[in-house]
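Each remark here refers to the structure printed beneath this line.
The values are calculated or read from the model by the stated rules, or taken from the named source; none is laboratory data. On a predicted model such as this, the values are computed, not experimentally measured, just so you know. Counting neighbours? That spans all protein chains shown, and the Cβs are built from the backbone with ideal geometry, glycine included.
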Amino acid sequence: MTGVTGVVAPDPLLEPLAVGGLSLERRLFMAPMAGLTTSAFRRSVRRWGAGLVFTEMISAYGVHYDNRRTLDYFAHGEDERPLGFQLFGADADVLADAAGRAVAAGADLVDLNMACPVRKVVKTGAGAALLAEPERAAGIIAAVVEAVEDAAPGRGVPVTVKIRAGLRDGDELGRLTAPRLVAAGAAAVCIHPRTAAQLYRGHADHAVTFALAAELEVPVIASGDVDGREAALRLLEGGAAAVMLARGALGAPWLFAQVLGAAEPPPAEKLAEVRRFAAEVIADLGGRAVGYLRQFWPRFRRHGALDKPLSMRLMQARSEAELGTLLGL
């Protein structure tokens, strides 16, 4: 960006940000998404500029009770860091135990999900349901902060929280609950300013984000409808400390580079990323890669990385060997 004097101003997305004791090099993050933000996915968006990535949403109960499949979500490589582990649950003691174990496994940040609107999560009292119980939510934050400090004394691993604007239109539960979460020890608040009732419909109301940023003393991270550089800069100008890309980056990991000011890559470069991503998914997941990658082929096609015939053949593939042949791996 160039000012009126012709001097190039620093890019606000590339300014460092401190979240508790964690120092981040840029203010553009990848949001945690259940079933999507696997290790290979995290490496992919890191290659294109994501400054912080997250695990999928991990059940604190699964960790607490040593569920093997749940503990697999802890697996990660050094090239994914800095890395946040996102946990969900409704019991403070269980979440505290899971958070301590996440830190022992290498988490650079522990994020608590108080935003998920999915019925099977909300009906257990977890996710967005916690916004209706601010005392319980604050107690969870306090217990997790203590557990993280005990697990990693001196490391300064921050505990953050993701919230929604509320449960339904007009209740303002996000704005009302957030100060209590910060008072309990949350080092940052990420807000997706839709209500739980909206799910992912309609538009994110970032007037809520800006009001929260003006009120809280910790960084407020904006998520929702960030579809390009202009939207990201507008959120920073409104007071957000950082922004998260979410579903808009599915099938387009290069969106991170574009938000940071780069040109859209040519189709050949996009295809090279698809091949590398698919190869890493196959190496990580084996036979499960086929089902996982089916979520991505139409999106890669939509974003110009695959043509229609190849996309359709990939959708019909039945084995990782077939995927490898089609992609020339």
If you scan the stretch 291-300, which residues turn out to be part of a helix (DSSP H, G or I) and surrounded by fewer than 19 Cβ atoms within 10 Å (Cβ to Cβ)?
G291, Y292, P298, R299
Among (1) of a type in the set (D, E, K, R); (2) out of contact with any His (no Cβ under 9 Å at 6 or more places or on another chain); (3) crowded, with 19+ Cβ neighbours inside 10 Å, R42 falls short only on (2)
Among residues of the stretch 6-40 being part of a strand (DSSP E or B) and in contact with an Asp or Glu (Cβ under 9 Å, 6 or more places away or on another chain), the residue farthest from E264 (Cα to Cα) is L22
Flag for L95 being in a helix (DSSP H, G or I), closer than 30 Å to G261 by Cα and over 14 Å from the mean Cα position of the chain (by Cα):
no
Being of a type in the set (D, E, K, R) and either part of a loop (DSSP other than H, G, I, E, B) or on the phi > 0 side of the Ramachandran plot (or both) is the filter here; which residues of the stretch 41-92 pass it?
D66, R81, D91
Residue by residue through the stretch 56-75, note down the ones that are surrounded by 19 or more Cβ atoms within 10 Å (Cβ to Cβ) and either over 16 Å from A34 (Cβ atoms) or touching an Asp or Glu at 6+ places or on another chain (Cβ under 7 Å) (or both).
Y73
By residue number, the members of the stretch 125-154 that are in a loop (DSSP other than H, G, I, E, B) and within 22 Å of the chain's Cα centre (by Cα) are G125, A126
Mind checking which residues of the stretch 104-120 are crowded, with 22+ Cβ neighbours inside 10 Å and out of contact with any Pro (no Cβ under 6 Å at 6 or more places or on another chain)?
A107, V110, D111, L112, N113, M114, A115, C116
Return yes or no: is V121 in the same structural domain as A31 (by TED's automatic domain parsing) and more than 17 Å from the chain's Cα centre (by Cα)?
yes
Test: E264 is surrounded by fewer than 14 Cβ atoms within 10 Å (Cβ to Cβ) and not aromatic (F, W, Y)
no
Checking L176 against (1) buried (at least 24 other Cβ atoms within 10 Å of the Cβ); (2) in a helix (DSSP H, G or I); (3) aliphatic (A, V, I, L, M), the condition it does not meet
(1)
